[in-house]
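Undergrad: Okay, here's the structure, questions in a sec.
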Amino acid sequence: MGSKQTTLLQGTLDLLILKALGTGELHGLGISRRIEQMTRGTFVVKPGSLFPALHRMEEAGWLSGFWGESENNRRAKFYRLTKAGDAQLEHETEQWTRVATAMTQALKAT
Amino acid sequence: MQLLSRVRSALRNLLRKRQVEAQLDEELRAYAEMMTDERIAAGVPASEARRSVLVEIGGVEQVKQAVRDRRAGVRIELLWQDLRYGVRQLRRNPGFTVTVLATLALSIGANTAIFSIVNALMLRSLPYPHAERLGVIFTRIRGPITSDERHHVNGEQWELLRDEVPALLSAVSGARPTGVNLQAGPHVQYVFQGRVSQRYFDVLAVQPLLGRNFSEIEDRPHGPKTAVLSYGLWRSAFAANPNIVGQPVLLKGEPYTVIGVLPEGATTPLNADLYTALQPTRDGEGGGTNFELITRLRDGATWQEADAQINRVWLARSSRYELHDKPGAQVSYYTVPLQQGQIATLRPQVLALMLAAGLILLIACANLAGLTLVRVLRRTPEVATRLALGASHWQVQRQLWIENLLLALVGGAAGVGVGFVALRGLLLLLPQHFLPVTGVSLDARVLAFTLLISVLTSMLFGMLPALATRRFDLRSAIGTRMSTDSGHLALRQVLIAGEVALTVVLLTASGLLIRTLVHLETLPPGFNPAGVMTARASLDEARYHDAAAFRELLNESIAAMRRIPGVENAAVGLSLPYERALNEGGLVISDGKEAGQSAMAAAVYVTPDYFATLQIPLLDGRAFTDADRPNTQRVAIVNRAFAQKFFHGANPIGRHIDKDMVIVGIVESVEMAPGIDPTAPLTGEETLYFPAAQAESRMLPMIHVWFQPSWIVRTARPVEGLTAQMQHALASVDPDLPFSGFYSMGDVLAKTLAMQRIEVALLSTMAALALVLSAVGIFALVANIVAQKSREIGIRIALGSSIQQAMLHIGASGARAASLGLIAGLVLCTGALRAMRSVLYGIGVYDAPTVLAVVLVLASVTIVATILPTLRIAGIDPAQTLREE
């Protein structure tokens, strides 16, 4: 367990999941590890937040789930982005960049 | 896109719940196992790895629940859970549930049935294209006598309307469809004939399936005799012969050429089997206001223009019958939509029924509010437990509302069933052609109405308990075992009093109608209706336009009927007692003090034994005899009312009317449906009888279009197969003349009083329903007090109170509420029932026997409803109730 965890901002989990799946299909643990790696350990997503989010996003049509084999031959549920998911990733990235830029500028202002 | 996907997911979550759960379980298990694999690979011992993973996941069940809470369709699932819980709760209290459902089914059923009639009469659009452009004309008269109603028109008015009102396409018809004889194949069939003018079908926008409509040529006086068949008659009597147009059919003993067939489902306000051309004139039938009018607004015209044109041409008429007996009156004409005009006479009755049905619903709501209030209070411990376990007030309220809604919907569905049956019964009660519509059914609008009132009812009866429990004090609710709040008792008593008050109004109203009907049915009829059988036949036949043939038919058929064994006497009359008779407006008294005065009276041709057969007492002078023949002195007999009104009690025998008609006798007035002055459903109207043998050829065709004479036989005792023998007797004289029906005098009376009978039947049913509901309400109130206060009663009995005293103490609360309601109801009656004055005959609005009967009925019902539940007090064991605490 990482010692230096930051609380996730509302809405950022979706974006992180979409981003994690942007490079290819992953199972639940894979997504969790990928987020950890992408944020250099700043965000560790626990299953209590991960799975509700995955299921919600699957129901919204952004992700599609399918059953496959993990690297050490376990049957696991994999997720990948749908076309709508791709569009959502693009949309949310753009939105986030705008907010982040604005926030950074605001905090730098004297 | 997103929505669609969510709906699909929601459906999957709801319908394939087991599969979705299994997959979630497997997914989480795989997650944990993969994590464990990672740790083992990193060198952690297997058991330690497994333990640490479970700790990190933080409870698999919690994760699953977190997923479930976010799932699509979770609200629906929660609702479903609440519903199932509600059903379980309702099944646990079968007494409550059955009472509520029965109350709802009966009250909603009554409303559904009545509303279907309102719907058919007033809301459903008429079955004609652009029905909103169809109208009828009302006459408004202001002056010494005011009136505002649909008037029939005469020939002059019709011609003016046809030729000088360009804003309207107009048509007239004979007022009612009349029965005529149609020869189809070997049989003579009795069918309903509608007599309509040119353009009648154009006004209704009905295009014939075959052939064409009546044109100006057929509609001319003495024009060709033609007929248009309804689709039903074309199929049944002519086997849907496609070449029927141009063929002659034998109608009324004459060939009529078929010129058209109406399409399937086409109807007219007359609703007849076949139509003939009216051929209206300014004299004869058209000399009086005998035509019914319908109009259609032409394209581009407005109703204002049409009304202005009508007023201009009709007010300039040479002879204004509207002003005959009302000199100086202000007359104006205006158009009313066809549907509204057709039901104008039924409207007050229908709306009164709807009002009564609404009262039933209110009474039911008061009952149900009381019942649910008690139920909610009884569930205080359950509600307290749920609140203590963390349910929100909203969740508790939602559960209560869901149960109410569930009851209302199931009750409403049962109500539709009850309504369907009630409507069937109601329609059986109505005479044929009573409602000016072809069918009354439970259509989508009625079902929507039922759904609406079901939901509304649940709101009304659920609101009170919801308000009562809104501020729910958790601490005191858990502390006390059960609430016996006296504030709620007072509230329930007020509810009961309210419903009793409404019941009193309905009971009194139906009591007054019953008394009216009894009064009308027990009026001294002026003749002896027992042992009389009558049969009617249409003499609207070419061969009986000749007076000699008509006389011969009467003489021979009466002689044949006298030969039937058991028949004491036989006669024929143009109309019967209890019936409406022909109005004769052109009578003028020719001599004596009243010379020159005109006398408007009923006119009836009769054969010599008419008075003897009906046993109408001859007061003075003589009856007609066979010696009164066409070439002898014209004679008449008047009734007592005629003598009183026109001769002011002086002996009229020997006086002359209509120049050369001499009065030879006076008979008792018989009760009949009024044709001149309709102040009551039955009156002894001024009547002039004249011998059928002296009826003139020129008037026979006209009066036989309007009236079908009756053959009357009197038997000492019931004769088996009498009607068949009467038919046989007539057939022996004219095999092509069928009787259209056989009626005892009771049947004739029933037909005349149909409206009163229907009013009584419907309102009494409603009042009985209200009474039952009130009784249930009082019973439930007292029964609940007994249940709630059993401990108090136990203590009272233990302290020496007798069971009777305890019963009295408890029952008093029910009796108090009922008496309060009775008083309030009587007060309400004094105001509300004044509106009934116009439908009451022979009694006043404040009728002591009716009020007394209502008080007695209500008192006995109250006593029974309060005593029954208090009987349980006798079974209370004081020792046991005290131990229970």
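No lab work stands behind these numbers, since they all come straight from the coordinates. Bear in mind the structure is a predicted one, so any value in this text is a computation, not a measurement. Here Cβ is always computed from backbone atoms with ideal geometry, including for glycine, and neighbour counts include all displayed protein chains.
Undergrad: Determine the relative contact order of segment B:617-694: mean sequence separation of Cα pairs under 8 Å and six or more apart, normalised by residue count, in whole percent.
TA: Here the relative contact order equals 40 percent.
Undergrad: Any chance you could run the full-extension gain for B:GLN189 through B:SER802? It's 0.36 nm times the residue separation minus the Cα-Cα distance, nm to one decimal.
TA: Working: separation 613, 0.36 × 613 = 220.68 nm, distance 7.83 nm.
Taking 0.36 nm per residue and subtracting the Cα distance, the gain is 212.9 nm.
Undergrad: Okay, moving on. Compute the Kirkwood hydrodynamic radius of segment B:759-853, taking the inverse of the mean of 1/r over all pairs of distinct Cα atoms, and give it in Å to one decimal.
TA: On the way: mean 1/r = 0.0612 Å⁻¹.
Computed over Cα pairs of segment B:759-853, the Kirkwood hydrodynamic radius comes out at 16.3 Å.
Undergrad: Could you state the number of Å between the C-alpha centres of segment B:358-401 and segment B:4-56?
TA: Centre-to-centre distance over Cα atoms comes out at 42 Å.
Undergrad: How about segment B:1-70: which trypsin sites (Lys or Arg not before Pro) there lie in a loop by DSSP and see at most 14 other Cβ atoms within 10 Å?
TA: Answer by residue number: B:ARG16.
Undergrad: Quick check: convex hull over the Cα atoms of segment B:499-636, volume per residue in Å³, rounded to an integer?
TA: 218
Undergrad: Let me see the P(r) profile for the protein assembly as shown: every Cα-Cα distance counted, bins of 10 Å, each bin given as a percent of all pairs.
TA: Histogramming the protein assembly as shown at 10 Å steps yields 2, 8, 13, 14, 14, 12, 10, 10, 7, 5, 3, 2, 1, 0 percent.
Undergrad: Rounded to whole Å and sorted largest first, list the principal axis extents of the Cα atoms in chain B.
TA: 134, 77, 60
Undergrad: Regarding segment B:1-155, what is the average projected area of its C-alpha convex hull, in nm²?
TA: Computing the convex hull of the Cα atoms and averaging its projections yields 22.9 nm².
Undergrad: How much length would be gained if the chain were fully extended between B:LEU429 and B:ARG29, taking 0.36 nm per residue of separation minus their Cα-Cα distance, in nm to one decimal?
TA: In short, 136.8 nm is gained.
Undergrad: Right, here's the next one. Sum -39500 (n - 2.57) across every DSSP H segment of at least 4 residues in chain B, then divide by the residue count to get the 222 nm mean residue ellipticity, nearest 500.
TA: -17000 deg cm²/dmol
Undergrad: Segment B:540-597 to segment B:703-744: how many Å between their Cα centroids?
TA: 15
Undergrad: Ok, one more. I'd like the orientation of helix B:444-468 relative to chain B: the angle between its Cα long axis and the longest Cα principal axis, in ° from 0 to 90, rounded to 10.
TA: Helix B:444-468 sits roughly 40 degrees off the main axis of chain B.
Undergrad: Subtract the Cα-Cα distance of B:GLU38 and B:ASP283 from 0.36 nm times their separation in residues, and report this length gain in nm to one decimal.
TA: Roughly 76.9 nm would be gained on extension.
Undergrad: First check a/c for segment B:282-328, with a ≥ b ≥ c the square roots of the eigenvalues of its C-alpha gyration tensor; if it is under 1.5, answer rounded, and if not, answer prolate when a/b is larger than b/c or oblate otherwise.
TA: oblate
Undergrad: Along the three principal axes, how long is segment B:620-728 when you take its alpha carbons, biggest first, rounded to the nearest angstrom?
TA: Largest first, segment B:620-728 extends 46, 39, 31 Å along its Cα principal axes.
Undergrad: Using r as the Cβ-Cβ distance of B:ALA530 and B:GLU149, and R0 as 35 Å, what FRET efficiency do you calculate, to the nearest 0.05? Don't jump to the answer; show the numbers that get you there.
TA: On the way: r = 38 Å, r/R0 = 1.08.
The computed FRET efficiency comes out at 0.40.
Undergrad: Against the longest alpha carbon principal axis of chain B, how many degrees, from 0 to 90 and to the nearest 10, is the axis of helix B:46-57 turned?
TA: Roughly 50 degrees between the two axes.
Undergrad: How big is Rg to Rh over segment B:2-72, alpha-carbon atoms, Rh as the Kirkwood inverse-mean-distance radius?
TA: 1.14
Undergrad: Would you grab the residues whose amide H sits under 5 Å from the one on B:TYR605? Only those 5+ places off in sequence or on another chain, please, with H modelled 1.01 Å from N.
TA: B:LEU574, B:SER575, B:PHE690
Undergrad: Taking the alpha-carbon centroid of each part, what is the distance from segment B:599-658 to segment B:117-134 in angstrom?
TA: The two parts, judged by their Cα centres, are 48 Å apart.
Undergrad: Please quote Rg/Rh for segment B:586-652 to two decimal places, taking the Kirkwood radius as Rh and restricting both calculations to Cα atoms.
TA: 0.96
Undergrad: I need the trypsin sites (Lys or Arg not before Pro) found in segment B:490-579, filtered to DSSP loop residues with at most 10 other beta carbons within 10 Å of theirs.
TA: Counting only loop positions with at most 10 other Cβ atoms within 10 Å, none of the trypsin sites (Lys or Arg not before Pro) in segment B:490-579 qualifies.
Undergrad: Determine how many Å³ per residue the convex hull of the Cα atoms of segment B:542-736 encloses. Before the final figure, lay out each step's value.
TA: Numbers: hull volume 23.8 nm³, N = 195.
In segment B:542-736, the Cα hull volume divided by residue count equals 122 Å³.
Undergrad: Could I ask something else about it? List the lysines whose Cα lies under 25 Å from the Cα of B:LYS225, skipping any in the same chain that are fewer than 8 positions away.
TA: B:LYS252
Undergrad: So, one more: Which whole-number percentage describes the relative contact order of segment B:767-851, with Cα contacts under 8 Å and a sequence gap of 6 or more?
TA: Here the relative contact order equals 24 percent.
Undergrad: Quick one: if you take sqrt(5λ) for each eigenvalue of the C-alpha gyration tensor of segment B:155-232, what semi-axes come out, biggest first, whole angstrom?
TA: Values for segment B:155-232, descending: 26, 14, 12 Å.
Undergrad: Based on the alpha carbons, how large is the Rg to Rh ratio for segment B:146-325 when Rh follows Kirkwood? Let's see the in-between values first.
TA: Values: Rg = 17.3 Å, Rh = 17.2 Å.
That ratio equals 1.01.
Undergrad: Share of antiparallel DSSP beta bridges in chain B, in percent to the nearest 5? Before the final figure, lay out the partial values.
TA: Working: 72 of 92 bridges.
Close to 80 percent.
Undergrad: Another question, then. Compute the Cα gyration tensor for segment A:3-106, then decide on rounded, prolate or oblate, letting a ≥ b ≥ c be the square roots of its eigenvalues: rounded whenever a/c is under 1.5, prolate when a/b is larger than b/c in the other cases, and oblate in all that remain. Don't skip to the end; give the middle numbers.
TA: On the way: a/c = 2.19, a/b = 1.42, b/c = 1.54.
In terms of gyration-tensor shape, oblate.
Undergrad: To the nearest 10 degrees, how steeply does helix B:848-870 sit against the main Cα axis of chain B, on a 0 to 90 scale?
TA: It is inclined by approximately 20 degrees.
Undergrad: What FRET efficiency, computed as 1/(1 + (r/R0)^6) with R0 = 60 Å and r the Cβ-Cβ distance, is obtained for B:VAL87 and B:GLN247, rounded to the nearest 0.05? Walk me through the numbers before you get to the answer.
TA: Details: r = 67 Å, r/R0 = 1.11.
My answer for the efficiency is 0.35.
Undergrad: Now for a different question. Do you know the relative contact order of chain B, to the nearest whole percent, from alpha carbon pairs under 8 angstrom that are 6+ apart?
TA: The value is 14 percent.
Undergrad: Tell me the trypsin sites (Lys or Arg not before Pro) within segment B:619-658 that lie in a loop according to DSSP and have at most 12 other beta-carbon atoms within 10 Å.
TA: Within segment B:619-658, the qualifying trypsin sites (Lys or Arg not before Pro) (loop, at most 12 other Cβ atoms within 10 Å) are B:ARG622.
Undergrad: Moving on. Kindly put B:ARG312, B:ARG580 in sequence by how many other C-beta atoms sit within 10 Å of each C-beta, fewest to most.
TA: The most exposed by this proxy come first: B:ARG312, B:ARG580.
Undergrad: A further question on this structure: Show which lysines lie in cross-link reach of B:LYS645 when reach means a straight Cα distance below 16 angstrom and same-chain residues fewer than eight apart are skipped.
TA: Reachable lysines: B:LYS593.
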